[in-house]
Amino acid sequence: MIPRERAFRSILGLLDRHRVVVVLGARQVGKTTLAKAVARVQRRPVTYFDLEDPADLDSLDEPMLVLRETRGLIIIDEVQRRPDIFPVLRVLADQTRPARRFLILGSASPALLRQTSESLAGRVHYFELGGLTTEEVGLVRWKRLWLRGGFPRSFLARSDRASDEWRRGFMRTFLERDVPELGVRIPPRALGRFWGMLAHHHGQVWNASEFGRSFGVSDTTVTRYLDLLCATFVVRRLAPWHANLGKRQVKSPKVYFVDSGLLHTQMQVRLMQELVRHPKVGASWEGFALEAVVARLGARPEECHFWATHAGAELDLLVVRGQSRRGFEFKYTEAPKVTRSMRTALTDLGLKSLQVVHSGPRTYPMSRDIQAVSLLDLEKVITPLR
Ligand SMILES: Nc1ncnc2c1ncn2[C@@H]1O[C@H](COP(=O)(O)OP(=O)(O)O)[C@@H](O)[C@H]1O
Ligand SMILES: [Mg+2]
């Protein structure tokens, strides 16, 4: 078992402060495992409903009647099976007696489960659980994490080939079972083809009409496919940052596979020697380093941006929380160099400093305000957001 201390403590902390905590994340990232660990340390009674289990699903046929009688910690797993529970939670969340906490787990975003956001606005706290992080598996194992990605079963598989097979199975189940179960009517083959094609655009600016044209469907259709992959946590849409500059800036988002392992499976890359020779190795590394930094910072999706001007200056990641702004570049190289684009980003975005996270072994200053950071020093050099 790989301990997930930070996520575990965050969830316990949230349960102290909020009556309803919703943990969201892709299927198979480890939500149930973590919730069971949380359940084990409770002093209050714990009731667990697994909505994947037909008996538990049936028992919540009349959710109000059943949930009204509970107290302590109530865990409801795979909530996307019964989004109509949310209006009931809303009523119960407003009651102070009996003392009750809800821990809700789901593998689809609230936007997809429309009832959630409307009925629980302001009453719940969301926590997004991603795959295993460099911090959790230990930085010395970062290459394996990069190749196989952070789904625990994929990371822990017996061999690289077994790991790739697991990911193939994951994607098949996702397309053939999970998506239809969400009530989304998209043909699995079309979505699968779209997903494969997206691998070629990993880390690039999203252009719906170009994508639609080469895919042979309308922009709205490809955008719907992208929305779905984002709402199920397998793709990150990184929003563009816009500064008040009088320069033309890129206004479309960038798209990244959240999990490098799924990206590699889509790229038909199974082994490290195949990855390092692949023309997309740089893009893959950028996405991997980006997720590692975002996880280390503890940044929420809406705090993460990229920035680019039409004249060619850009910044891979700009994290904004309150008054604080942090800038990052990701480079697949042993020795990154200061570029004009980095200088422009520092000035135009008013950054105090910029960190260039690279795949080499050394961390060193590149200039007064630019630092080269080895991924191996991530925890030493990059401090979490406060
Ligand atoms: N921290 C971990 N260390 C090792 N294996 C894990 C860990 N978390 C989850 N797993 C394994 O990964 C698989 C998926 O975990 P699960 O908690 O069921 O995910 P989810 O509820 O998000 O679908 C299970 O086989 C589980 O045993
Ligand atoms: Mg689960």
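The values are calculated or read from the model by the stated rules, or taken from the named source; none is laboratory data. This one's a predicted model, so the numbers in the text were calculated from it and none came from an experiment. Because the Cβ atoms are built from the backbone with ideal geometry, glycine has one as well, and the counts that use them run over all protein chains shown. Note: areas computed on protein heavy atoms with side chains; ligands, DNA, RNA excluded. Shrake-Rupley method; radii C 1.70, N 1.55, O 1.52, S 1.80 Å.
Put simply, of L57, L51 the only residue that is under 27 Å from the mean Cα position of the chain (by Cα), closer than 30 Å to L132 by Cβ and either modelled with pLDDT of 95 or more or within 16 Å of ligand 2 (Cβ to nearest atom) (or both) is L51.
Residues are listed down the side, and each one gets a yes or a no for (1) over 27 Å from V234 (Cα atoms); (2) within 16 Å of ligand 1 (Cβ to nearest atom); (3) in contact (Cβ under 8 Å) with a residue 60 or more places away in the chain:
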position: K36; (1), (2), (3): no, yes, no
position: P54; (1), (2), (3): no, no, no
position: M64; (1), (2), (3): yes, no, no
position: E69; (1), (2), (3): yes, no, no
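For region 30-48, the set of residues classified as touching a Leu at 6+ places or on another chain (Cβ under 9 Å) and near ligand 2 (Cβ under 9 Å from one of its atoms) consists of G30, K31, T32, A35, listed by residue number. Restricting L191, L132 to residues that are part of a helix (DSSP H, G or I) and over 30 Å from R71 (Cβ atoms) narrows the list to L191. Of the residues R44, R90, R82, R101, the single one that is open to solvent by 60 Å² or more (accessible area, probe 1.4 Å) and closer than 15 Å to V22 by Cβ is R90.
Yes or no, residue by residue, for (1) surrounded by fewer than 17 Cβ atoms within 10 Å (Cβ to Cβ); (2) in contact with a helix residue (DSSP H, G or I) (Cβ under 8 Å, 6 or more places away or on another chain):
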| position | (1), (2) |
| --- | --- |
| G130 | no, yes |
| W142 | no, yes |
| R148 | no, yes |
| R158 | yes, no |
| T173 | yes, no |
| V179 | no, yes |
| L182 | no, yes |
| R185 | yes, no |
| P188 | yes, yes |
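A single member of L60, L24, L14, L73 is open to solvent by less than 50 Å² (accessible area, probe 1.4 Å), under 22 Å from A295 (Cα atoms) and either charged (D, E, K, R) or away from ligand 1 (no atom under 16 Å from the Cβ) (or both), and it is L14.
Out of all the residues in region 367-379, which are touching a residue at least 60 places away in the same chain (Cβ under 8 Å) and either in contact with a strand residue (DSSP E or B) (Cβ under 8 Å, 6 or more places away or on another chain) or surrounded by 18 or more Cβ atoms within 10 Å (Cβ to Cβ) (or both)? Within region 367-379, L375, L378 meet the criteria.
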